[in-house]
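Written out below as structure tokens is the structure these notes cover.
The numbers here are math on the coordinates, done by the rules we state, and not lab data. Please read these numbers as outputs of a predicted model, since none were measured by experiment.
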Amino acid sequence: MISAQFRSTIVSRTLCLAAASACLAVASPANAWDPASPDANCTAGGKAFSGPPAVVVHTAEMDGFGLAEFFQMLQAISDIHDVVGNVADTSMAITSSSFSSDPFTYQTWYGDTTPTIHVGFSSSAPFPARASRNTSAACTYDEAHIEISNQSLYPWAFGEPEAEGDPFWDAGKWPGGLHSFRLMYLHELWHTFGVAHSDHSYSIMNKVDRPWHNRPAGEQFQPLPDDVEALRELYPDSRGDSFHIALLNTWHDLADPIGDAISHKMLCRPSIGNGWADFWDASRLVGAAVDDGLDTCGTPVQGDGTDVCPGDTLRTRVAIANYDTQSVDMALRMWFSVDDVWDGVAGGDVRATEVRNFTVNAEAASLQGRLFTVPDLAAGEYYVIAKGVATDAGGSKVNDWIPLRGTVNVLSPLACGN
Ligand SMILES: [Zn+2]
């Protein structure tokens with residue numbers, strides 16, 4: 001296995017030799033993603049589909065799906081295909097999807113000569129789902145398989161979080177308590193596109209939790225910037241507009257490897273505290289990671305630190321994903337709202353006075369741990385909503401917001417000693 005650093009050097013040199021004038025543009029590729037079939041002689045250092053694939057869903061081995069679940073699964077597949085087709089600056093898309101009654105056996109290849117992803121089901125699969133490519137000596141391939149455990153063996157959650165009973169901003173891998181089919185399917189598709197697990201970047205190719213986005217229905221599960229970068233390097237194109245950001249409630253933990261990946265965790269809840277606690281929510285951990293037992297962003301002062309007074313310093317964490325091919329200048333503010341929707345000043349939401357400014361690199365994400373002063377608020381429970389405005393080099397702006405996890409309870413003036 002060639003290390004990511006070594007491979008990225010090979011890629012740079014190959015490209016520079018091939019076109020000296022291109023050296024400036026590719027001298028230091030971030031290469032925040034790993035190819036599933038590394039080959040320094042191939043596009044972006046890995047093997048790739050010869051073109052955008054069609055998906056064939058094999059029904060012969062399906063078991064345990066009720067009619068409603070079957071249609072929910074088709075909707076999930078259709079939504080995720082649309083998400084792929086809407087990624088800017090790549091030619092990758094799912095060209096069509098169809099059914100077949102032909103039997104499916106994982107890695108028993110059909111010998112496709114046009115790009116095809118076969119999706120099949122199993123009641124004896126060793127994993128909830130897995131994917132592989134029929135790679136040859138050439139740099140491109142035309143066939144990939146995704147095997148999914150049957151509903152009778154491993155029940156899936158097909159809907160987006162709200163449909164499964166969880167708010168999108170508080171959902172990870174298990175909305176409603178079941179493994180998200182949408183999360184799994186996008187992850188497996190990325191494997192078929194030629195992308196391996198990531199043990200070093202903020203990616204859907206991590207394991208355990210992954211973030212849901214503040215987007216319309218059908219679009220709430222999305223690839224992250226490093227995943228998009230992989231498609232842009234493997235399947236370049238100038239489609240669409242890449243200037244887009246997302247504020248998210250997860251991060252990857254470099255200190256918590258799982259096989260060839262690292263774990264991805266829900267972020268801590270905003271709180272006051274004497275110092276910073278771990279960035280993640282320990283109460284949601286799966287497995288045996290070392291943690292401090294806290295799910296709040298501050299080390300405890302009293303209670304869990306979510307009973308606050310105006311003037312207190314609130315510790316917050318939020319991830320900012322920049323999908324643009326250029327770095328963006330961010331202005332981050334923190335709002336307090338009686339509901340989990342950002343309504344602005346006109347809608348009665350109140351913002352902390354601070355504006356936190358920083359840069360997020362092109363096709364990258366940034367975990368921000370920031371302090372904000374609790375504004376003068378009436379006693380009661382408030383959602384803490386992070387809102388960020390990104391400005392590109394040309395002065396254009398885009399924004400996004402997300403309620404941070406949990407709520408804070410603003411105490412009465414009496415309790416606050418006023
Ligand atoms: Zn995987």
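In straight Cα distance, which aspartates and glutamates are under 15 Å from LYS47, not counting same-chain residues fewer than 8 positions off?
ASP34, ASP39, ASP142, GLU143, GLU233
Which aspartates and glutamates does LYS387 reach when only Cα atoms under 17 Å apart count, and residues fewer than 8 places away in its own chain are ignored?
The qualifying aspartates and glutamates are ASP170, ASP329, ASP339, ASP340, ASP343, ASP349, GLU354, ASP400.
For the range 395-416 and the range 37-115, compute the distance between their C-alpha centroids and round to whole Å.
Cα centroid of the range 395-416 versus Cα centroid of the range 37-115: 40 Å apart.
Let me have the relative contact order for the chain, percent, based on Cα pairs under 8 Å that are six or more residues apart.
About 13 percent, as a whole number.
Rg to Rh for the chain: what is it, with Cα atoms only and Rh by Kirkwood?
So for the chain, dividing Rg by the Kirkwood Rh gives 0.99.
Taking only DSSP H segments of four or more residues, each worth -39500 (n - 2.57), what value at 222 nm results for the chain once the sum is divided by all its residues, to the nearest 500 deg cm²/dmol?
The helix-only estimate for the chain comes to -4500 deg cm²/dmol at 222 nm.
For LYS173, go through the aspartates and glutamates and keep the ones whose alpha-carbon is under 15 Å away, minus same-chain ones fewer than eight residues off.
Leaving aside aspartates and glutamates fewer than 8 places away in the same chain, those within reach of LYS173 are GLU160, GLU162, GLU164, GLU188, ASP209, ASP281.
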